[in-house]
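Scroll down for the structure; my scribbles are underneath it.
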Amino acid sequence: MRFLFVALLFSPSPPPLRVALPCVHFLSSPTLTMVLREVPAENIARPLGRNEVIGLLFRLTIFGAVTYFTIKWMVDAIDPTRKQKVEAQKQAEKLMRQIGVKNVKLSEYEMSIAAHLVDPLSMQITWRDIAGLDEVITELKETVILPVQKRHLFQGSRLLQPPKGVLLYGPPGCGKTLIAKATAKEAGFRFINLQPSTLTDKWYGESQKLAAAVFSLAVKLQPSIIFVDEIDSFLRSRSSSDHEATAMMKAQFMSLWDGLDTDHHCQVIIMGATNRPQDLDSAILRRMPTRFHINQPSMRQREQILKLILENESVDLSVDLVDIAKETDGFSGSDLREMCRDAALLCVRDFVHTQNDSSSGLHKSDPSIDQKAISKMKKSKSVVDTALCRCSGLNSNTQTLIT
Ligand SMILES: Nc1ncnc2c1ncn2[C@@H]1O[C@H](COP(=O)(O)OP(=O)(O)OP(=O)(O)O)[C@@H](O)[C@H]1O
């Protein structure tokens, strides 16, 4: 900087010091003395010419621009999350426009959380897309949705407020995320799909600011649901080996959560989903008094799920869903869906191979296709289960669940 200033002074038309001095009050006095000694006296007294003023302004502008872009470039280079933040901001602004949120001022941190917003109108999942979980759905409607939709009936009582925390727990692929999305859709809630990594993969201090932003954003956008999938991954039991930042973030998350409870007009619900409820911190469990066990589907539930998956597909009359449901013990809803997809693909493959030109191309032509799809899925499940057992050192059937 000093070099630039000296260069300015000794350039073909050196600026008079009475103009330059206010701009360089940051120069240290030894430099200034040196500069003064070297500038001819007539240059100090001489009035400033028009061209000199323009030249000086031009140089100062260039200097300012170079300094600004250099500092900006350095800050961007130092902050590896900068690009992510800019993208998140763009995404958030787009989503906010989509959900019709106007005149709500968001902080930088709230903006990065807003990138995880899901518009209830654009959400496709409704209760109709969930099979075999009617009891859970009825209870959810009564305990969570009703108090929000019929607020006037519940206003007088603190006891009748919707729960601030709801836990969905059970094995993977059995519909926990589906239920959370359908709840938001049916209740008309804004849905913040919070990935734990959004809070945990940050620099020291950032996580706490983001955690605070989750709650403040949810309050600004209420009624809203903060959905935390795999909630155990960042709100697991606290231990002495926890990193200081993690421990602070957990404590802060809980105190922000308590803040929701004190304001009983606040319509923010935290919905967590986990496959490992036993790993959750007991303080977190206490904050989620409404719990739903979404278990592996029973035979009857499997039949209902199969019916729903195949509802709009062309299925051969010989396919017996009850038989398939019997043979698919231990399959989750997601396994059943994958199995049906496999069966459909096998049909297409079969069709292509035999060059069958019948117009019913997706109809089942090989009577054993459903058996093939079932055994393929069983095989792949057993490979995954064995790998999981090896990884965890546990028997895959052993799962302690909250009762
Ligand atoms: N009860 C169900 N009815 C209809 N489809 C289901 C059901 N359960 C699971 N599925 C199918 O399985 C897919 C995965 O379900 P979902 O994501 O809700 O599982 P999850 O329990 O949240 O799993 P994870 O714990 O792995 O996140 C769904 O998109 C859906 O296609």
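Determine the pairs where a residue that is closer than 24 Å to Ser197 by Cβ, located within the range 63-87, has a partner that is open to solvent by 90 Å² or more (accessible area, probe 1.4 Å) and at pLDDT below 75 with Cβ atoms under 7 Å apart, the partner being 6 or more residues away or on another chain.
Going by the 7 Å Cβ cut-off, the qualifying pairs are Asp76/Arg82.
In the range 96-127, which residues are open to solvent by 40 Å² or more (accessible area, probe 1.4 Å), part of a loop (DSSP other than H, G, I, E, B) and among the acidic types (Asp, Glu)?
Across the range 96-127, there are no qualifying residues.
For the range 47-91, which residues satisfy the criterion of being out of contact with any Ser or Thr (no Cβ under 8 Å at 6 or more places or on another chain), open to solvent by 80 Å² or more (accessible area, probe 1.4 Å), over 30 Å from Ala114 (Cα atoms) and not aliphatic (A, V, I, L, M)?
Pro47, Arg50, Phe58, Thr61, listed by residue number.
Please enumerate the residues belonging to the range 163-219 that are modelled with pLDDT of 85 or more, open to solvent by 30 Å² or more (accessible area, probe 1.4 Å) and small (Gly, Ala, Ser).
If the condition is that a residue be modelled with pLDDT of 85 or more, open to solvent by 30 Å² or more (accessible area, probe 1.4 Å) and small (Gly, Ala, Ser), then Gly173, Ala212, Ser216 are the ones that fit.
Could you tell me how many of the residues in the range 35-76 are assigned to a helix (DSSP H, G or I) and either touching a Phe, Trp or Tyr at 6+ places or on another chain (Cβ under 6 Å) or modelled with pLDDT under 75 (or both)? First the steps, then the outcome.
At the first step, the residues of the range 35-76 found to be assigned to a helix (DSSP H, G or I) are 35-38, 41-45, 50-76.
Going one step further and asking which of them are either touching a Phe, Trp or Tyr at 6+ places or on another chain (Cβ under 6 Å) or modelled with pLDDT under 75 (or both), we end up with 35-38, 41-45, 76.
Final tally of qualifying residues: 10.
Conditions: (1) in contact with a Leu (Cβ under 7 Å, 6 or more places away or on another chain); (2) closer than 14 Å to Ser375 by Cβ. Glu338 meets all but one. Number of the miss?
(1)
Does Lys90 meet the test of being basic (Lys, Arg) and within 16 Å of the ligand (Cβ to nearest atom)?
On the way: basic (Lys, Arg): yes; within 16 Å of the ligand (Cβ to nearest atom): no.
No; evaluated as a whole, the condition is false for this residue.
Which ones in the range 92-124 are modelled with pLDDT under 75 and basic (Lys, Arg)?
Once the filter is applied, which keeps residues that are modelled with pLDDT under 75 and basic (Lys, Arg), the range 92-124 yields only Lys102.
So which helices (runs of 4 or more DSSP H) are wholly in the range 207-316 and hold at least 1 residues that are touching a Lys or Arg at 6+ places or on another chain (Cβ under 8 Å) and within 16 Å of the ligand (Cβ to nearest atom)?
Values: elements: 244-262, 282-286, 299-309.
Hits in the range 207-316: 299-309.
If you scan the range 128-143, which residues turn out to be open to solvent by 50 Å² or more (accessible area, probe 1.4 Å) and within 11 Å of the ligand (Cβ to nearest atom)?
Arg128, Asp129, Asp134, listed by residue number.
What residue, among those in the range 303-332 that are of a type in the set (Gly, Ala, Ser) and in contact with a Leu (Cβ under 8 Å, 6 or more places away or on another chain), is farthest from Asp134 (Cα to Cα)? It would help to see each step written out before you state the result.
Of the range 303-332, the ones of a type in the set (Gly, Ala, Ser) are 314, 318, 325, 330, 332.
Filter once more, so that each one left must be in contact with a Leu (Cβ under 8 Å, 6 or more places away or on another chain): 314, 325.
Details: Ser314: 26, Ala325: 18 Å.
Per the criteria, the residue is Ser314.
Any chance you could count how many residues in the range 257-309 are of a type in the set (Phe, Trp, Tyr) and under 29 Å from Lys326 (Cα atoms)?
Let us first name the residues in the range 257-309 that are of a type in the set (Phe, Trp, Tyr), namely 257, 292.
Cutting the leftovers down to under 29 Å from Lys326 (Cα atoms) gives us 292.
Count: 1.
Does Leu146 count as farther than 21 Å from Asn275 by Cα, surrounded by 16 or more Cβ atoms within 10 Å (Cβ to Cβ) and free of Cβ contacts under 8 Å to residues at least 24 places away in the same chain? Before the answer, list the steps.
Numbers: farther than 21 Å from Asn275 by Cα: yes; surrounded by 16 or more Cβ atoms within 10 Å (Cβ to Cβ): yes; free of Cβ contacts under 8 Å to residues at least 24 places away in the same chain: yes.
When the stated conditions are applied, Leu146 passes them.
So for the range 310-327 (the condition being modelled with pLDDT of 85 or more, more than 26 Å from the chain's Cα centre (by Cα) and crowded, with 22+ Cβ neighbours inside 10 Å), does at least one residue qualify?
Checked against the condition, which is being modelled with pLDDT of 85 or more, more than 26 Å from the chain's Cα centre (by Cα) and crowded, with 22+ Cβ neighbours inside 10 Å, the range 310-327 yields at least one hit.
The values are calculated or read from the model by the stated rules, or taken from the named source; none is laboratory data. These numbers come from a predicted model, not from an experiment. Cβ sites come from the backbone with ideal geometry, for glycine too, and all protein chains shown count toward neighbours. The area values use the complete protein model at the heavy-atom level, side chains included, leaving out ligands, DNA and RNA. Shrake-Rupley method; radii C 1.70, N 1.55, O 1.52, S 1.80 Å.
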